[in-house]
Every structure is written in C-alpha cells, then in structure tokens.
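The values are calculated or read from the model by the stated rules, or taken from the named source; none is laboratory data. This is a predicted model, so every value here is computed, not measured. In this analysis, Cβ positions are derived from the backbone assuming ideal geometry, glycine residues included, and neighbour counts consider all displayed protein chains.
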Amino acid sequence: MHKRLLAKLLLLAPLALLASCTSFLRNDVVSFHEGKLPQNGSIRIEASDPAKAQSLEFRSYARLIGAQLNTLGYSFVDDPAAATTLIAQVDYSVAAAGAQTRVDSPLQSSVYYHFQYGHFYDPFHFGIDDDFSRDVVTTASYLRSLSMVIVKTAEPKTHLFEGHVQNHGQQNQLPDVMPYLITALFLNFPGESGVTKTVTIEMDKPRGK
C-alpha cells in the first residue's frame, strides 16, 4: 500500500509543479531622498543621455513613468520643452552579464518506477533511475537597469529624489521588462532612503500561450 501511494505521489509531483509554475522577476531597488518630497506639481521627463532624447523608445518609457507619477499626485506633462516645477531625468540600459549555468537532476526531468529483484534486499523496489545523465544548461544573462532623478527646476536645482532599479534575466529586449522595472521603482515610493530592497513581481504569461 505504501509503495503504491509513494509511486502515485512521485509520478504526480512533476505534473503539479508544471501546473503551478509561475515566473517571477526579482528586482533590486534603492532610492535616496532627504526630507519630505513635494506631493504635487507639474513634472516633465527628460533623457539623462542626450542621445536618447529624440528616441521613440524613450518617449514610450516616459509615458509609462508619467502614468505612475500621475497616480502619486504629480501632473505629468508630455512635452520635454514645457515649463514645469519638476523634472524627472531618466536613463536605462541593458548589458551582457555573463552566463548562468543550471544543472537539471534526473528527479527534475523524469520520474518513474520499476521493479528490480534484489535491490536493497527488496524484490519489489520502487525508485528513481539514477543512471540518467544530468543535463547542464548554460544561458546568457543580462543586466537590465532603470534610473530616475527628480530635480527642482527653480534655482538652485536641487535633487529631490534619486532611484535605481535593476534585475537579471535571459531577455535582452528591454521593452519586454521595462514595465516591471518601472513597477518596482514606484512600489512604496519613495521608499526608505539608502536601503536596497528586493521587489519580486509576478510576470505575465507570454502572449499566445
């Protein structure tokens, strides 16, 4: 009875893991600020890198960030030349960060049962095949980063907030992960100054799947 129950549990375990498999993205977030930030005011978004200022990609990210600023009580102005009380200077990047190596054990890849005479002096031994070779999988890893600095436009142009978020993954297409970077940056905004925190976000399922 116990052997049959164990066999069923081990055979069903991989199926249960696949059914409940959900992807999560870990983001490292740190921010710096002094005192209380303004609770409102008009704000426009500029590219920290002048080479990105005219980029349609930058404008797309700026609108996503602007939507988050609006929820905080600021008035996002979608015009980099407009006169505002605040400026958010934004930069982003993606860079190769080496490779990640994962070893898949036989238990992860295939579970089965068999009957073998004399194994451990048990004529009906239930077990996992330990003769399967382990699969070594190497994948590229990328570091995706987003930074934002909020500055007063009035003199002196004081920095009110500095925030940075980054994560690692196999995807080097920044548009696919930018929404997660932005979400992590604005979670519990402005956050505790000078303290790095890890924000884990559940990722959407790929389209068409």
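Structure notes:
Every residue, every condition in (1) surrounded by fewer than 18 Cβ atoms within 10 Å (Cβ to Cβ); (2) in contact (Cβ under 8 Å) with a residue 12 or more places away in the chain; (3) closer than 16 Å to residue 69 by Cα; (4) not aliphatic (A, V, I, L, M), yes or no:
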{"position": "154", "(1), (2), (3), (4)": "yes, yes, no, no"}
{"position": "163", "(1), (2), (3), (4)": "no, yes, yes, yes"}
{"position": "172", "(1), (2), (3), (4)": "yes, yes, no, yes"}
{"position": "175", "(1), (2), (3), (4)": "yes, yes, no, yes"}
{"position": "179", "(1), (2), (3), (4)": "yes, yes, yes, yes"}
{"position": "194", "(1), (2), (3), (4)": "yes, yes, no, yes"}
{"position": "197", "(1), (2), (3), (4)": "yes, yes, no, yes"}
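- Inside segment 33-52, residues that are farther than 15 Å from residue 92 by Cβ and either without any contact (Cβ under 8 Å) to a residue 60 or more places away in the chain or surrounded by 16 or more Cβ atoms within 10 Å (Cβ to Cβ) (or both) make up a count of 9.
- Only one entry of 109, 105, 20 meets the criterion of being at pLDDT below 90 and loosely packed, with under 10 Cβ neighbours inside 10 Å, and that entry is 20.
- With respect to (1) modelled with pLDDT of 95 or more; (2) under 15 Å from residue 25 (Cβ atoms); (3) charged (D, E, K, R), the lone exception for residue 162 is condition (2).
- Residue selected from segment 66-81 under the condition closer than 20 Å to residue 178 by Cβ and in a loop (DSSP other than H, G, I, E, B), by the criterion modelled with the highest pLDDT: 72
- Of the residues making up segment 53-80, just one is surrounded by fewer than 11 Cβ atoms within 10 Å (Cβ to Cβ), over 24 Å from residue 187 (Cβ atoms) and touching a residue at least 24 places away in the same chain (Cβ under 8 Å), namely 79.
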